[in-house]
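The values are calculated or read from the model by the stated rules, or taken from the named source; none is laboratory data. Just so it is clear, the structure is predicted and the values come from calculations on it, not from any experiment. Cβ atoms come from the backbone with ideal geometry, glycine included; neighbour counts cover every protein chain shown. For the accessible areas, the whole protein counts, side chains as well, though only heavy atoms, and no ligand, DNA or RNA atoms are used. Shrake-Rupley method; radii C 1.70, N 1.55, O 1.52, S 1.80 Å.
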Amino acid sequence: MAAMPILIKEDSSKSTYTGHDQLSKELINTFFKEFLEAFFPDVHDNLDFHSIKPLSEEVYTNVLKGKNRRLDIVIETTLKGTDVIVIVHVEPQS
C-alpha cells in the first residue's frame, strides 16, 4: 500500500511572501541608475544622477472630484549639464 502524501495548507494571513510588484519597486528604487543603464541606455546616458529626487507617488486625476491614484516610481532629476528637469515614471508590470 502506498503512503498518502500529507498536504498542509499555509495560512495566507501569516505568509511572509513579498509580492512581485512590491519587490520590483524596491529593486528599481535601490538600483535606479543600473536599471536605466540596462534597459534604457539612451536615457541613462543623458541624466544627471547627482540630482535624483524621489517624488510623491500620489497623483490627482480629477482635482474637482478629488480622485487620485498611486503611481509606482516617480523620480525627478536633470539632464546632464543643464537645468532642465526630467520626471521619470516607472510602472513595472508582470
Within region 50-61, the count of residues that are modelled with pLDDT under 85, surrounded by 10 or more Cβ atoms within 10 Å (Cβ to Cβ) and not in a loop (DSSP other than H, G, I, E, B) comes to 3
Identify, please: which residue in region 62-86 is at pLDDT 90 or above and open to solvent by 70 Å² or more (accessible area, probe 1.4 Å) and is, among those, nearest to the chain's Cα centre (by Cα)? Ile85
